[in-house]
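Visitor: I am attaching a structure below and will ask some questions about it afterwards.
The values are calculated or read from the model by the stated rules, or taken from the named source; none is laboratory data. Quantities reported herein were computed from a predicted structural model and do not represent experimental measurements. Cβ placement follows ideal geometry from the backbone for every residue including glycine, while neighbour counts extend to all protein chains displayed. Protein only, heavy atoms only, side chains kept; ligands, DNA and RNA dropped before computing areas. Shrake-Rupley method; radii C 1.70, N 1.55, O 1.52, S 1.80 Å.
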Amino acid sequence: MSHVVTINGKGIMSRLIFLTAATLLCLAIGCSDVTEPMEASYVVSLEKGNIWEYSVNGYEVDSGDTTIVTGTVTRTIVSVVTHTDGFQLFKTQEITTRIPADTLLSDTLFYYLRNESDELREYNDTTSAEYYVPFKYDPVAGNKWTPGSNPDEQIEVVSLNNSIDVPAGYYDNCACTRETDSSNPALMHRYYWGKHSEGIVCSVREESDSYLIYRLTDISIQ
C-alpha cells in the first residue's frame, strides 16, 4: 500500500538531498558505458495483454512544503485497434495511483503504440497523422532526435550497456536516453530500456521542485 506524507519545514530536506544524490550517483554510474560486447534487441514487445508495473518514489516541493511521494504505475495493452489510415495500433492504458493519508488519487490515460522498423511511435488517438517517437531502435550513443512536433524537445541516446537493478530483476545492456526541453531547462527525464523487448525498466523525472523515480516491479510480456 502506497502513501504520501506531507512534511512542513526543512528537517526532512537533508535526508532527501542525501537520498536523491545517492540515487543520482547510482544512476549516473549506470549511465556509464562498459566495454563488454553488446548483443541486444531493444524492440519493445507490443501484444494485447502485456503488462508493466512500476513503483514510484520521490518528493515534490510546494511553497516550502515537502511531500514524500510513493505510488504505482500500471501500463497494460488492452486492445488492438486500426488507425484511420489502415495500420494497426496497440491501445495502452496507464493508471497512476498515489495514496495520501485520507484520499486515494488515481489517474487513467490512454495512448496508442506502434512499432516501425526503426522506432517506437506513440499516438494520442486513432485519427491523427502526428505521433511521438520516445525511442529509436538500434540505438547509437550520441544520436539525437526531435520526438514530436515541439522543436524545443530533444531526446539523446546517452549511453549503452547500462546495468539496472530494480524489483523486477537485474537488467544489463540497457540503453539510456535523456529527454530535455529547452523551454524548461530544469526538466530532465531519463529512461533505461531493456535489451530483450522489455521496454522501460527504470526512469527518472527531475525538475527544480520535484524528483521521481519509476522502477519496474513486475512485467508480463508475450
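Visitor: Residues that are surrounded by 20 or more Cβ atoms within 10 Å (Cβ to Cβ) and among the hydrophobic types (A, V, I, L, M, F, W, C), at least 2 per element: which strands (runs of 3 or more DSSP E) completely within segment 169-213 meet that?
Guide: So the answer is 169-181, 200-207.
Visitor: Further, regarding this structure: Do we have Asn162 as under 28 Å from Gln222 (Cα atoms) and in contact with a helix residue (DSSP H, G or I) (Cβ under 9 Å, 6 or more places away or on another chain) here?
Guide: Details: under 28 Å from Gln222 (Cα atoms): yes; in contact with a helix residue (DSSP H, G or I) (Cβ under 9 Å, 6 or more places away or on another chain): yes.
Judged against the criteria, Asn162 is a match.
Visitor: Where residues in segment 36-58 are among the charged types (D, E, K, R), over 30 Å from Ile68 (Cα atoms) and modelled with pLDDT of 95 or more, which of them is least open to solvent (accessible area, probe 1.4 Å)? Even if it seems obvious, please write down each step before you answer.
Guide: Initial filter on segment 36-58 (among the charged types (D, E, K, R)): 36, 39, 47-48, 53.
From what's left, over 30 Å from Ile68 (Cα atoms): 36, 39, 47-48.
Going one step further and asking which of them are modelled with pLDDT of 95 or more, we end up with 47-48.
On the way: Glu47: 88, Lys48: 129 Å².
Checked segment 36-58; the qualifying residue least open to solvent (accessible area, probe 1.4 Å) is Glu47.
Visitor: Go through segment 127-153 and give me each residue that's in contact (Cβ under 8 Å) with a residue 24 or more places away in the chain and surrounded by 14 or more Cβ atoms within 10 Å (Cβ to Cβ).
Guide: Pro134, Phe135, Tyr137, Pro139, Pro147, Glu153
Visitor: Then there's this: Going residue by residue through segment 84-95, is there one that turns out to be at positive phi and out of contact with any Leu (no Cβ under 8 Å at 6 or more places or on another chain)?
Guide: Within segment 84-95, the first condition is being at positive phi, and the residues that meet it are 86.
Now narrow it down to the ones that are out of contact with any Leu (no Cβ under 8 Å at 6 or more places or on another chain): 86.
The answer is yes; a qualifying residue exists.
Visitor: Right, next: Report, by residue number, each residue of segment 206-221 that is over 15 Å from the mean Cα position of the chain (by Cα) and at pLDDT 95 or above. Working first, answer last.
Guide: Going residue by residue through segment 206-221, those that are over 15 Å from the mean Cα position of the chain (by Cα) are 208-210, 220-221.
Across segment 206-221, the qualifying residue is only Ser220.
Visitor: Considering only segment 146-153, I want to know if a residue exists there that is of a type in the set (Ser, Thr, Tyr) and closer than 23 Å to Ile213 by Cβ. Reasoning before the result, please.
Guide: Step one: list which residues in segment 146-153 are of a type in the set (Ser, Thr, Tyr), which gives 146, 149.
So of that shortlist, the ones also closer than 23 Å to Ile213 by Cβ come out as none.
Checking segment 146-153: not a single residue is of a type in the set (Ser, Thr, Tyr) and closer than 23 Å to Ile213 by Cβ.
Visitor: Would segment 159-167 turn up any residue that is farther than 30 Å from Asp85 by Cα and assigned to a loop (DSSP other than H, G, I, E, B)? If you could, list the steps in order and put the result at the bottom.
Guide: As a first pass, look at segment 159-167 and keep what is farther than 30 Å from Asp85 by Cα: 159-167.
When the remaining residues are screened for being assigned to a loop (DSSP other than H, G, I, E, B), the result is 167.
Yes, segment 159-167 contains at least one residue that is farther than 30 Å from Asp85 by Cα and assigned to a loop (DSSP other than H, G, I, E, B).
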